[in-house]
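For reference, the structure discussed in these notes is given below.
Taken together, the values in this text are just the output of simple stated rules run on the coordinates, not laboratory data. Computed from a prediction, not measured in an experiment: that's the story for all the values here. Because the Cβ atoms are built from the backbone with ideal geometry, glycine has one as well, and the counts that use them run over all protein chains shown.
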Amino acid sequence: MNPEFKFSGVDEGAIRQLVEVFYGKIKRDPGLGPIFEAAVSRSPGGWAPHLQTMTSFWSSVVLGAGSYRGNPMKAHFRLPHFELALFERWLSLFSETAHELFEPNAAAIFVNRSRVMAAKLREGLEMHRAGKLPE
């Protein structure tokens with residue numbers, strides 16, 4: 001990726017690029033890669049549908065597109081080996097990617113929303129693992 005290249009605006013194409021670059025980093029990450037690879041390989045179609053789902057998710061979160069139909073909490077319940085400490089690594093890679101691709105204000109939107117969602121997911125996973133939140 002050319003570090004001089006940045007999206008000046010946010011649209012679905014830019015979000016698709018963010019998702020593709022970010023998950024490329026996830027795949028190469030020694031801690032996160034094996035977890036995501038195992039989860040995605042169990043899904044029909046592998047990575048392509050997952051990347052489309054994540055594009056729809058982020059388009060809905062940032063653009064209000066309403067195209068995402070899913071339950072992120074429930075999806076993460078199926079990741080039994082996802083240690084809670086790995087949230088920080090995920091957030092770091094996501095922030096790094098957003099800042100590579102977007103102008104600072106646009107990157108901040110993605111990073112702030114990812115931190116809010118990560119906190120909610122972390123809390124939900126902790127409650128689920130403690131038996132306080134059913135699947």
- [ ] Go through segment 45-65 and give me each residue that's aliphatic (A, V, I, L, M) and free of Cβ contacts under 8 Å to residues at least 12 places away in the same chain.
- [x] 48
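One line per residue, one yes/no per condition, for (1) within 13 Å of the chain's Cα centre (by Cα); (2) under 19 Å from residue 57 (Cβ atoms); (3) surrounded by 12 or more Cβ atoms within 10 Å (Cβ to Cβ); (4) without any contact (Cβ under 8 Å) to a residue 60 or more places away in the chain:
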{"position": "88", "(1), (2), (3), (4)": "yes, no, no, yes"}
{"position": "91", "(1), (2), (3), (4)": "yes, yes, yes, yes"}
{"position": "101", "(1), (2), (3), (4)": "no, yes, yes, no"}
{"position": "117", "(1), (2), (3), (4)": "yes, yes, yes, yes"}
Task: residue 95 being hydroxyl-bearing (Ser, Thr, Tyr) and part of a loop (DSSP other than H, G, I, E, B) - done: no
